[in-house]
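The values are calculated or read from the model by the stated rules, or taken from the named source; none is laboratory data. Every value quoted in this text rests on a predicted model; they were computed, and no experiment measured them. Glycine also receives a Cβ, built like all others from the backbone with ideal geometry; neighbour counts cover every protein chain displayed.
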Amino acid sequence: MLQVSDLSVAYGSKQVVHDAGFSLQPGTVTALIGPNGTGKSTLLKAVAGLLPFSGAVRLKGAAYAVADGTIAYMPQDTGGNTSLSVEEVVLLGRLRSLGLTIPEGLREACRAVLALFNLEPLAARRLDSLSGGQRQLVFLAQSLFREPSVLLLDEPTAALDLRHQLIVLEAVRAHSKREGIATVIAIHDLNLSARFADRLICLCDGRIVADGSAAEVLCANRIEAVYGVRAEVETGADGKQRITPLAAV
(Lines give C-alpha, C1' and ligand atoms only; values in the text may rest on other atoms or scores of the structure.)
Protein backbone atom coordinates (compact mmCIF):
# COMPACT_ATOMS: atom_id res chain seq x y z
CA MET A 1 0.00 0.00 0.00
CA LEU A 2 2.59 2.61 1.14
CA GLN A 3 6.10 2.05 -0.15
CA VAL A 4 9.07 4.01 1.21
CA SER A 5 12.30 3.59 -0.74
CA ASP A 6 15.79 4.95 -0.01
CA LEU A 7 14.39 7.85 2.01
CA SER A 8 17.04 10.21 3.37
CA VAL A 9 16.64 13.52 5.19
CA ALA A 10 19.29 16.12 6.00
CA TYR A 11 19.22 19.32 8.03
CA GLY A 12 21.83 21.38 6.25
CA SER A 13 24.98 19.26 6.07
CA LYS A 14 23.81 16.89 8.82
CA GLN A 15 22.25 13.66 7.59
CA VAL A 16 19.47 12.64 10.00
CA VAL A 17 17.78 9.71 8.21
CA HIS A 18 19.77 7.39 5.95
CA ASP A 19 18.25 5.33 3.13
CA ALA A 20 15.15 4.16 4.99
CA GLY A 21 12.99 1.62 3.20
CA PHE A 22 9.85 -0.24 4.23
CA SER A 23 6.30 -0.93 3.11
CA LEU A 24 3.03 -0.65 5.05
CA GLN A 25 -0.02 -2.83 4.53
CA PRO A 26 -3.66 -1.91 5.26
CA GLY A 27 -4.95 -2.85 8.69
CA THR A 28 -1.54 -3.15 10.32
CA VAL A 29 0.10 -1.28 13.21
CA THR A 30 3.85 -0.63 13.07
CA ALA A 31 5.82 0.65 16.06
CA LEU A 32 8.76 2.92 15.22
CA ILE A 33 11.24 2.58 18.07
CA GLY A 34 14.71 3.86 18.90
CA PRO A 35 16.44 6.22 21.34
CA ASN A 36 15.97 9.98 21.49
CA GLY A 37 17.41 11.92 18.56
CA THR A 38 17.65 8.93 16.26
CA GLY A 39 15.32 10.33 13.56
CA LYS A 40 11.90 8.86 14.34
CA SER A 41 10.02 12.18 14.19
CA THR A 42 11.97 13.29 11.14
CA LEU A 43 11.13 10.07 9.31
CA LEU A 44 7.41 10.42 10.05
CA LYS A 45 7.36 14.06 8.93
CA ALA A 46 9.12 13.17 5.68
CA VAL A 47 6.66 10.36 4.92
CA ALA A 48 3.82 12.79 5.69
CA GLY A 49 5.25 15.21 3.11
CA LEU A 50 6.17 17.85 5.69
CA LEU A 51 9.93 17.75 5.12
CA PRO A 52 12.01 17.62 1.94
CA PHE A 53 13.73 14.28 1.35
CA SER A 54 15.51 12.23 -1.24
CA GLY A 55 14.17 8.85 -2.22
CA ALA A 56 10.56 7.94 -2.89
CA VAL A 57 7.26 7.61 -1.01
CA ARG A 58 4.46 6.06 -3.03
CA LEU A 59 0.89 5.27 -2.03
CA LYS A 60 -0.79 2.44 -3.93
CA GLY A 61 2.00 2.63 -6.48
CA ALA A 62 1.64 6.36 -7.21
CA ALA A 63 2.75 9.68 -5.81
CA TYR A 64 0.26 11.28 -3.43
CA ALA A 65 -0.81 14.84 -2.71
CA VAL A 66 -0.23 15.97 0.87
CA ALA A 67 -3.49 17.91 0.91
CA ASP A 68 -5.72 15.08 -0.24
CA GLY A 69 -6.10 13.62 3.25
CA THR A 70 -4.85 10.13 2.44
CA ILE A 71 -2.08 10.48 5.04
CA ALA A 72 -2.85 11.89 8.50
CA TYR A 73 0.02 12.96 10.75
CA MET A 74 -0.24 13.83 14.44
CA PRO A 75 2.85 15.53 15.89
CA GLN A 76 4.23 14.92 19.34
CA ASP A 77 3.50 18.51 20.39
CA THR A 78 -0.27 19.04 20.23
CA GLY A 79 -0.27 22.24 22.29
CA GLY A 80 -2.28 25.15 21.02
CA ASN A 81 -4.57 27.87 22.25
CA THR A 82 -7.98 28.07 20.66
CA SER A 83 -11.48 28.89 21.80
CA LEU A 84 -12.92 26.11 19.62
CA SER A 85 -14.77 23.31 21.37
CA VAL A 86 -13.54 19.72 21.40
CA GLU A 87 -16.26 18.74 18.92
CA GLU A 88 -15.36 21.63 16.59
CA VAL A 89 -11.66 20.69 16.63
CA VAL A 90 -12.47 17.09 15.68
CA LEU A 91 -14.91 18.22 12.95
CA LEU A 92 -12.09 20.26 11.38
CA GLY A 93 -10.54 16.91 10.48
CA ARG A 94 -12.97 16.91 7.55
CA LEU A 95 -12.79 20.60 6.74
CA ARG A 96 -13.57 19.97 3.07
CA SER A 97 -16.93 18.44 4.07
CA LEU A 98 -17.99 21.39 6.21
CA GLY A 99 -20.30 24.16 5.01
CA LEU A 100 -22.54 26.75 6.57
CA THR A 101 -24.33 23.90 8.31
CA ILE A 102 -22.93 20.61 9.56
CA PRO A 103 -24.71 17.50 8.23
CA GLU A 104 -26.16 15.38 11.05
CA GLY A 105 -24.39 12.33 9.67
CA LEU A 106 -21.05 14.10 10.11
CA ARG A 107 -21.90 14.98 13.72
CA GLU A 108 -22.79 11.35 14.41
CA ALA A 109 -19.48 10.20 12.96
CA CYS A 110 -17.69 12.79 15.09
CA ARG A 111 -19.44 11.55 18.24
CA ALA A 112 -18.46 7.97 17.40
CA VAL A 113 -14.78 8.92 17.23
CA LEU A 114 -15.05 10.92 20.47
CA ALA A 115 -16.52 7.81 22.10
CA LEU A 116 -13.41 5.80 21.20
CA PHE A 117 -11.44 7.86 23.72
CA ASN A 118 -14.23 8.60 26.23
CA LEU A 119 -14.29 12.25 25.12
CA GLU A 120 -18.08 12.67 24.79
CA PRO A 121 -18.40 14.48 28.18
CA LEU A 122 -15.83 17.03 26.96
CA ALA A 123 -17.41 17.66 23.54
CA ALA A 124 -18.61 21.18 24.41
CA ARG A 125 -15.50 22.17 26.39
CA ARG A 126 -13.01 24.66 24.93
CA LEU A 127 -9.81 23.00 23.82
CA ASP A 128 -7.67 25.52 25.71
CA SER A 129 -9.37 24.55 28.99
CA LEU A 130 -8.13 20.95 28.78
CA SER A 131 -5.02 19.30 30.16
CA GLY A 132 -2.16 18.33 27.86
CA GLY A 133 -3.20 14.68 27.93
CA GLN A 134 -6.81 15.53 27.09
CA ARG A 135 -5.70 17.73 24.17
CA GLN A 136 -3.58 14.86 22.91
CA LEU A 137 -6.67 12.64 22.86
CA VAL A 138 -8.66 15.30 20.99
CA PHE A 139 -6.07 15.62 18.22
CA LEU A 140 -5.83 11.84 17.99
CA ALA A 141 -9.61 11.72 17.54
CA GLN A 142 -9.29 14.40 14.84
CA SER A 143 -6.66 12.31 13.03
CA LEU A 144 -8.94 9.26 12.96
CA PHE A 145 -11.92 11.39 11.94
CA ARG A 146 -10.09 12.36 8.74
CA GLU A 147 -10.51 8.77 7.53
CA PRO A 148 -6.95 8.48 6.23
CA SER A 149 -5.44 5.52 4.44
CA VAL A 150 -2.21 5.97 6.40
CA LEU A 151 -2.00 7.24 9.98
CA LEU A 152 1.32 8.52 11.38
CA LEU A 153 1.39 9.15 15.14
CA ASP A 154 4.39 10.69 16.89
CA GLU A 155 4.40 9.69 20.58
CA PRO A 156 0.59 9.71 20.91
CA THR A 157 0.73 8.41 24.50
CA ALA A 158 3.51 10.67 25.81
CA ALA A 159 1.22 12.86 27.96
CA LEU A 160 -1.14 10.08 29.07
CA ASP A 161 -1.37 8.05 32.25
CA LEU A 162 -1.01 4.27 32.07
CA ARG A 163 -4.75 3.57 31.82
CA HIS A 164 -5.23 5.99 28.94
CA GLN A 165 -2.13 4.68 27.17
CA LEU A 166 -3.76 1.25 27.08
CA ILE A 167 -7.14 2.68 26.02
CA VAL A 168 -5.59 4.72 23.21
CA LEU A 169 -3.38 1.97 21.79
CA GLU A 170 -6.16 -0.61 21.92
CA ALA A 171 -8.58 1.83 20.22
CA VAL A 172 -6.05 2.78 17.52
CA ARG A 173 -5.22 -0.87 16.86
CA ALA A 174 -8.88 -1.91 16.62
CA HIS A 175 -9.81 1.09 14.44
CA SER A 176 -6.84 0.51 12.11
CA LYS A 177 -7.78 -3.12 11.56
CA ARG A 178 -11.49 -2.39 11.19
CA GLU A 179 -11.01 0.45 8.68
CA GLY A 180 -7.96 -0.98 6.88
CA ILE A 181 -5.64 1.85 7.92
CA ALA A 182 -1.86 1.42 7.82
CA THR A 183 -0.71 2.95 11.10
CA VAL A 184 2.79 3.86 12.29
CA ILE A 185 3.35 4.87 15.92
CA ALA A 186 6.64 6.37 17.11
CA ILE A 187 6.86 5.19 20.71
CA HIS A 188 9.45 4.75 23.46
CA ASP A 189 7.77 2.09 25.58
CA LEU A 190 9.06 -1.26 24.31
CA ASN A 191 6.51 -3.28 26.28
CA LEU A 192 3.62 -1.37 24.74
CA SER A 193 5.24 -1.79 21.32
CA ALA A 194 5.43 -5.54 21.80
CA ARG A 195 1.83 -5.71 23.01
CA PHE A 196 0.04 -3.61 20.39
CA ALA A 197 2.16 -3.54 17.22
CA ASP A 198 2.15 -6.17 14.48
CA ARG A 199 5.63 -5.13 13.50
CA LEU A 200 8.52 -3.08 14.89
CA ILE A 201 10.98 -0.92 12.96
CA CYS A 202 14.03 0.01 15.02
CA LEU A 203 16.04 3.13 14.19
CA CYS A 204 19.55 3.83 15.45
CA ASP A 205 21.55 6.88 14.36
CA GLY A 206 19.07 7.48 11.55
CA ARG A 207 19.32 3.99 10.07
CA ILE A 208 16.90 1.07 10.23
CA VAL A 209 18.76 -1.64 12.12
CA ALA A 210 15.89 -4.10 12.61
CA ASP A 211 12.47 -4.69 11.07
CA GLY A 212 10.17 -7.52 12.08
CA SER A 213 8.02 -8.96 14.83
CA ALA A 214 8.61 -8.08 18.50
CA ALA A 215 10.23 -11.49 19.01
CA GLU A 216 12.66 -10.79 16.14
CA VAL A 217 13.48 -7.18 17.06
CA LEU A 218 13.41 -7.06 20.87
CA CYS A 219 16.33 -9.26 21.81
CA ALA A 220 18.61 -8.42 24.74
CA ASN A 221 21.69 -7.90 22.55
CA ARG A 222 19.90 -5.41 20.30
CA ILE A 223 18.42 -3.46 23.20
CA GLU A 224 21.91 -3.12 24.69
CA ALA A 225 23.45 -2.10 21.36
CA VAL A 226 20.74 0.42 20.43
CA TYR A 227 19.71 1.83 23.81
CA GLY A 228 22.80 1.21 25.92
CA VAL A 229 20.67 -0.69 28.44
CA ARG A 230 21.13 -4.19 29.78
CA ALA A 231 17.69 -5.81 29.81
CA GLU A 232 15.95 -9.09 30.47
CA VAL A 233 13.60 -10.25 27.70
CA GLU A 234 10.97 -12.90 28.41
CA THR A 235 7.94 -14.23 26.58
CA GLY A 236 4.70 -14.10 28.58
CA ALA A 237 1.89 -16.63 28.60
CA ASP A 238 0.13 -14.54 25.93
CA GLY A 239 3.14 -14.85 23.62
CA LYS A 240 4.11 -11.17 24.00
CA GLN A 241 7.62 -10.04 24.84
CA ARG A 242 8.29 -8.62 28.32
CA ILE A 243 11.26 -6.29 28.68
CA THR A 244 12.72 -5.55 32.10
CA PRO A 245 15.50 -2.92 32.06
CA LEU A 246 18.26 -3.81 34.49
CA ALA A 247 21.00 -1.20 34.15
CA ALA A 248 22.46 1.45 31.86
CA VAL A 249 25.61 0.21 30.17
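Taken together, the criteria place Gly69 among residues that are crowded, with 16+ Cβ neighbours inside 10 Å, modelled with pLDDT under 80 and either of a type in the set (Asp, Glu) or more than 30 Å from Gln15 (Cβ to Cβ) (or both).
Which residue out of Glu232, Glu147 is of a type outside the set (Phe, Trp, Tyr), surrounded by fewer than 20 Cβ atoms within 10 Å (Cβ to Cβ) and touching a residue at least 24 places away in the same chain (Cβ under 8 Å)?
Working: Glu232 fails: touching a residue at least 24 places away in the same chain (Cβ under 8 Å).
On inspection, the qualifying residue turns out to be Glu147.
Within the stretch 196-249, the set of residues being among the acidic types (Asp, Glu) and closer than 17 Å to Thr28 by Cβ comprises Asp198, Asp211, Glu216.
Out of the residues in the stretch 13-43 that are over 14 Å from Met1 (Cα atoms) and in a loop (DSSP other than H, G, I, E, B), which is farthest from the chain's Cα centre (by Cα)? So that I can check it myself, show each step before the final result.
Our first condition is that a residue be over 14 Å from Met1 (Cα atoms); within the stretch 13-43, this holds for 13-20, 31-43.
Filter once more, keeping what is in a loop (DSSP other than H, G, I, E, B): 13, 34-39.
On the way: Ser13: 28, Gly34: 14, Pro35: 16, Asn36: 16, Gly37: 17, Thr38: 16, Gly39: 14 Å.
Of everything passing the filter in the stretch 13-43, Ser13 is farthest from the chain's Cα centre (by Cα).
Can you confirm whether the stretch 11-22 contains a residue that is buried (at least 16 other Cβ atoms within 10 Å of the Cβ) and farther than 15 Å from Ile208 by Cα?
no
Tell me, which residue of the stretch 162-186 that is more than 21 Å from Met1 (Cβ to Cβ) and surrounded by 21 or more Cβ atoms within 10 Å (Cβ to Cβ) is modelled with the highest pLDDT? In this case the residue turns out to be Leu169. Counting residues in the stretch 104-118 that are closer than 30 Å to Arg58 by Cβ, surrounded by 14 or more Cβ atoms within 10 Å (Cβ to Cβ) and among the small types (Gly, Ala, Ser) gives one or more. Can you find even one residue in the stretch 195-206 that is surrounded by fewer than 18 Cβ atoms within 10 Å (Cβ to Cβ), part of a helix (DSSP H, G or I) and of a type in the set (Asp, Glu)? Looking through the stretch 195-206, none of the residues is surrounded by fewer than 18 Cβ atoms within 10 Å (Cβ to Cβ), part of a helix (DSSP H, G or I) and of a type in the set (Asp, Glu).
Based on this model, can you work out whether Ile223 counts as surrounded by 15 or more Cβ atoms within 10 Å (Cβ to Cβ) and either in contact with a strand residue (DSSP E or B) (Cβ under 6 Å, 6 or more places away or on another chain) or outside the structural domain of Gly37 (by TED's automatic domain parsing) (or both)? In short, yes. Look at the stretch 192-212: where a residue is closer than 20 Å to Val168 by Cα and a partner is at pLDDT below 95 and not aromatic (Phe, Trp, Tyr), sitting 6+ places away or on another chain with Cβ atoms under 6 Å, you get Ala194/Lys240; Ala194/Gln241; Arg195/Lys240. Filtering Leu151, Leu169, Leu137, Leu192 for residues that are among the hydrophobic types (A, V, I, L, M, F, W, C), within 15 Å of the chain's Cα centre (by Cα) and not in a helix (DSSP H, G or I) leaves a single hit, Leu151.
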